[in-house]
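The structure appears below as C-alpha cells.
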Amino acid sequence: MSAREKLIKARLGMLALAEELQNISLVCRKAGISRSHFYEIQEAYEKWGLRG
C-alpha cells in the first residue's frame, strides 16, 4: 500500500468516525489535527471524492 493510499484510508476513517460520534472536536483531538483542517478534508472529499 502506497503512502497516498494510507493517507486516504486514514482520512476516510476519520470522516467515518466523525459521522458516527457526531463530535468533530473529539475526532480532531484523536487525529491530532485542527478543526479547520478537518473541515478542509471534509470539503475536499465532498467535492471530489477520493481524488480530493
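No value in this document is a laboratory result; all are computed from the given coordinates. What you are looking at is a predicted structure, and each value in this text was computed from that prediction instead of being measured. Cβ: placed from backbone, ideal geometry, glycine included. Neighbour counts: every protein chain shown.
Over the Cα atoms of the chain, Rg to Rh with Kirkwood Rh, two decimal places?
Rg/Rh: 0.96.
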The summed charge of the L50 Cβ neighbourhood (under 12 Å; Lys/Arg +1, Asp/Glu -1) stands at +3
Degrees separating the helix 3-21 axis from the principal Cα axis of the chain, which is the longest one: 30
